[in-house]
Amino acid sequence: MQTKAWEEPTADFHLDPKKMVDPVESLLEKSGDADIAFDTVMESLEKDPNNPEIRRQANLLINRLDDLTNKLRNKISH
């Protein structure tokens, strides 16, 4: 689901939902489902694998999911 938002530079993740401007972050917040965000980024990459903005968004999603995974690991290890 590629939209105009993918073509415009975006900011990094914000803790304050009112300041969210990143398509990946908005997807995570609106859908509440990491699978939907993942599928959306994958679909966009399949359509345009060399688009630098989509690749940047993919990296942001990877980093966000890594952060969440690490928080969960830390929580269950203590």
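The values are calculated or read from the model by the stated rules, or taken from the named source; none is laboratory data. Computed from a predicted model, the values in this text were never measured in an experiment. Neighbour counts run over all protein chains shown; Cβ positions are idealised from the backbone, glycine included.
Evaluate the following for S77: is it surrounded by fewer than 11 Cβ atoms within 10 Å (Cβ to Cβ) and either among the acidic types (D, E) or modelled with pLDDT of 85 or more (or both)?
yes
Please go through the range 37-64 and pick out each residue that is within 8 Å of the chain's Cα centre (by Cα) and surrounded by 15 or more Cβ atoms within 10 Å (Cβ to Cβ).
Once the filter is applied, which keeps residues that are within 8 Å of the chain's Cα centre (by Cα) and surrounded by 15 or more Cβ atoms within 10 Å (Cβ to Cβ), the range 37-64 yields A37, F38, V41, Q57, A58, L60, L61, R64.
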